[in-house]
Amino acid sequence: MDSIYASSSCTVPHLLRRETLFSPRASNSVLLRRAKKARRERVSCSAATTGSGVGSNGAVSRALQGLSNNSNTALEQLDIERGVCIPFRKYSPEIVRNKVLESRGSILSLMLRGVEIVWNLGLYWSNLVYDFLVGRDEEVVPYRARQLRNLLCDLGPSFIKAGQVLANRPDIIREDYMNELCILQDDVPSFPNQIAFRIIEEDLGQPLEAVFSKISSGTIAAASLGQVYRATLRATGEDVAIKVQRPGIEPIIYRDLFLFRTLASFLNGISIQKLGCNAELIVDEFGEKLLEELDYTLEARNLEDFLENFKNDPTVKIPQVYKQFSGQRVLVMEWIDGIRCTNPQAIKEAGIDVDGFLTIGVSAALRQLLEFGLFHGDPHPGNIFAMRDGRIAYVDFGNVAVLSQQNKQILIDAVVHAVNEDYAEMANDFTRLGFLSPGTDVTPIIPALEAIWQNSAGKGLSDFNFRSVTGKFNQLVYNYPIRIPERFSLVIRSLLTQEGICFTMKPDFKFLEVAYPYVAKRLLTDPNPALRERLVQVSNSVQNA
């Protein structure tokens, strides 16, 4: 799910860097549950779907088909990297190609959209090159960053999503641009109510008033792919949140993905030589994740998985999903009557025990990462609520990620090696996690890792925070051949975001002190002996520090 802009990063070094990566994923209980659901729904498990003919678009269509005939290999390679056969796939290059080319006037539409994209991005890139040549590239960074954010908004939802991905990728884009693109997480224009209500009625197959006794006159939130309303179910009187997809977004997404993939097929040789990765795989992973988020039935499944994981945890609230009122474009879920973490002052004024709430939040985050291997990929303050009874609540499950048991173990190994100041083994952990290509000489990286850790933890582990480490790590990945797998970029983002919420509510918050009781409990109860042994090492290291 890496950015499509990585392929141009060699030209202007002050904006983008040159490394991208695919991510490993392995089988766990969540995937097994989904595999069973997929079998019930007769969804076949395959590395890639075999494409059919493209119709009667003549020589142009045959040429386009020839470009994507090689896509099975790339997608199969992606699954090999992940180490899993995915039981449900919305995306394959053939699916995208057939969707795009099945409509009348598709070639003209593709050409016009291609010209629009190339013209706008080319103009922006020429400005960056000019800034670089005249030596003013650093002084105009704030302006160019805002210009990039506005450009992505103008180019539509595919590019907004690409910008949101870039906002969490220090291995691709520098920090000042990342900070500007973070605005895309929350500040996206909404579309008119009448259009949203029509989409809801189309998916429900009946008038709004037949299902809801009332619905909010304005949006509660707006994002790149959809927006949210509050409503009341007529039958039960329950308050619900209705997430409705942007109108006509699917053909736009498919068209853009087809153009990205077509361009990538011409850039494979260059990207492998200069970026160290296959350009087609970059687009494939981005497209797969994007189409997952586009199908709200998959988000409903994510909700069910989180409900199952936290069903015996009285401190965590996951909203109930109403699948009978939901579909691919509409998702109806329980309304969360809490206080968003965007308003920490209101949480304090409500009399909620801040220390208790933060402890619950840390425990819930660690359970997702170390216990379930399924974690919320977008836990920004607007998606986390403080309930008035002290519970933590999560919403928006379109972006979730999976960590394998092996990756969890290696992550803990890296923590043990860092605490024990074994930086050579820590560098080797990076290779095992996919941050470094196999065979990479880690010798130059070891002193940088040592400097990062010693500067960040020099005052003692009780004062350790992820943001200080990540800030220095961002510089490391920008200057060394390190690439961050997608799943781990989400892990970093998840930890950073939740730590930031903690610091906002309590500036002297000690993350490791709060996390330690959970780690101690896990080392006694985890069913996996290898993971249990690693957790014991972490516990001993923290106690000795």
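The values are calculated or read from the model by the stated rules, or taken from the named source; none is laboratory data. Owing to the predicted nature of the structure, the values given are computational and were not obtained by experimental measurement. A quick note on method: Cβ atoms are made from the backbone with ideal geometry, for glycine too, and the neighbour counts reach across all protein chains shown. For accessibility, only protein heavy atoms count, side chains too; no ligands or nucleic acids. Shrake-Rupley method; radii C 1.70, N 1.55, O 1.52, S 1.80 Å.
Long-range amide H contacts for residue 401: which residues qualify at under 5 Å (H placed 1.01 Å from N, peptide plane, sequence gap of 5 or more or a different chain)?
Placed amide hydrogens put 375, 377 under 5 Å from residue 401.
Whenever you get a sec, compute what percent of the accessible area on segment 368-439 sits on carbon and sulfur atoms (1.4 Å probe).
50 percent
Could you tell me what percent of the accessible area of segment 193-324 is made up of carbon and sulfur, with a 1.4 Å probe and every protein chain present?
The C+S portion of the solvent-accessible surface of segment 193-324 is 53 percent.
Less than 15 Å Cβ to Cβ from residue 118, Lys/Arg counted +1 and Asp/Glu -1: what total charge do the surrounding residues give?
Around residue 118, the surrounding residues sum to -1.
What FRET efficiency comes out for residue 441 versus residue 420 if R0 is 22 angstrom and r is the Cβ-Cβ distance? Round to the nearest 0.05.
0.45
Quick check on my link table: of 161/510; 408/510; 99/214; 289/323; 472/521, which ones sit more than 26 Å apart, alpha carbon to alpha carbon?
Those over the limit are 161/510; 99/214; 472/521.
Taking only the C-alpha atoms, wrap a convex hull around segment 369-457 and report its volume per residue in Å³ as a whole number.
145 Å³
Quick one: net charge around residue 347, please, counting Lys, Arg +1 and Asp, Glu -1 for every other residue with C-beta under 13 Å from its C-beta.
Residues near residue 347 contribute +1 overall.
Roughly how many Å² is the accessible area per residue of segment 264-422, as a whole number, for a 1.4 Å probe?
Using a 1.4 Å probe on heavy atoms only, each residue of segment 264-422 averages 34 Å².
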